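The values are calculated or read from the model by the stated rules, or taken from the named source; none is laboratory data. Everything quoted here is computed from the prediction, not taken from an experiment. Reconstructed Cβ throughout: ideal geometry from the backbone, glycine too, with neighbour counts over all protein chains shown. Note: areas computed on protein heavy atoms with side chains; ligands, DNA, RNA excluded. Shrake-Rupley method; radii C 1.70, N 1.55, O 1.52, S 1.80 Å.
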Amino acid sequence: MSVLFDILGSVGMWEAVLRIATPLILGTLGVLLCERVGVLNLGIEGIMAFGAMIGWLTVYSGGDLWTGMLAAALGGAAFGFLHALLTVPLGLSQHVTGLGITLFASSFAYYVFRLSVPTASSPPTIDPFQPLSVPVLSDIPFLGPVLFNQTAPTYLALAFVVLIAWGLYRTPLGLAVRMAGENPHALDAQGIDPIWLRIGTIMAGSALMGMGGAFLTLSAFNSFFPTMIQGRGWICVALVVFASWRPGRALLGALLFALFDAFQLRLQTVVDGVPYQLFLMMPYVLSIVALIIMARRARVPQALMQPYRRGER
């Protein structure tokens, strides 16, 4: 029992929680925006993989780290536009289209990576983002190293939570976005085109997904390998339901999953005789339990996965 308390009281573990949560925060916010306008985006796994690759490749080719993040955002937005084009004006199946985007984006990422570094026996590396210590605040005992000694993309992800929460509930644009996922016909009656609003919002959400993938190659690690997303995209889809489509709860869900993940990594080093696969599945099992508890009270956007046709009800 004392070992468990030692792990939970470790500053290093809580630092890792925020670091592990960062790509989940960005990805979950991206899915949340898409679903708020009524479109399920199952392309997130592939979009994150492509964002991770193109962000790393940009820096490896001579660009700076922020240019790499921008390239990942633009790459994510491009796949978001493709998904939106197929699902919004054409009304194709959002499930099938999303899975197709995941397969295409993941394969395309690996293809471009191999074209760029065809002879490398191991993934080439770059110099990633380094932790930024906030003066004075980083010296606060315990909280200082945890909250104020992270890399810049982590601070950006937290800022996006505040910005999106404020935008959704305090601005006319946010009201229009929410209405597009609840009653697009009412939105159309107010003179706002739900089709273009959905397309733009899906592109913005997909840009956040791409940035979430780029965090892995530009901050958490320093190289790209095809399997590095490891199901984070699907976790983000589940976290949106856990969060009841609210940005603040999305942050809480991402931190909760990251806590489970960081905890199991440290538990492996102190518990002997237990197959490591049991530790690896622990965050997912606990997340499923949390999802079951929270999903029963979740209120789904009324127009989610419903194609909009002007004049039809």
With every atom except the alpha carbons ignored, what do you get for Rg and Dmax of region 104-155, in angstroms? 18.1, 48
With r defined as the distance between the Cβ atoms of LEU132 and LEU92 and R0 fixed at 45 Å, what FRET efficiency is calculated, to the nearest 0.05? 0.55
Per-residue ellipticity at 222 nm attributable to helices in the chain (runs of n ≥ 4 DSSP H, -39500 (n - 2.57) apiece, nearest 500 deg cm²/dmol) works out to -22500 deg cm²/dmol
Any idea what the alpha-carbon Rg over 2.2 N^0.38 Å comes to for the chain? 1.02
Counting only protein heavy atoms and rolling a 1.4 Å probe, one gets per residue an accessible area for the chain in Å² of 46
Consider a paramagnetic label point 7 Å from the Cα of ALA186 along Cα→Cβ; state which residues of region 156-177 have an amide N under 13 Å from it. 175-177
Would you be so kind as to identify all helices of the chain, as entire DSSP H runs, whose Cα atoms reach 27 Å or more along the helix's own axis and whose mean Kyte-Doolittle hydropathy is at least 0.5? 11-36, 65-87, 94-116, 194-215, 247-268, 276-295
In terms of the ratio Rg/(2.2 N^0.38 Å) built on C-alpha atoms, what value belongs to region 31-155? 1.31
In nm, what is the difference between 0.36 nm times the number of residues separating GLN230 and ALA298 and their Cα-Cα distance? 21.8 nm
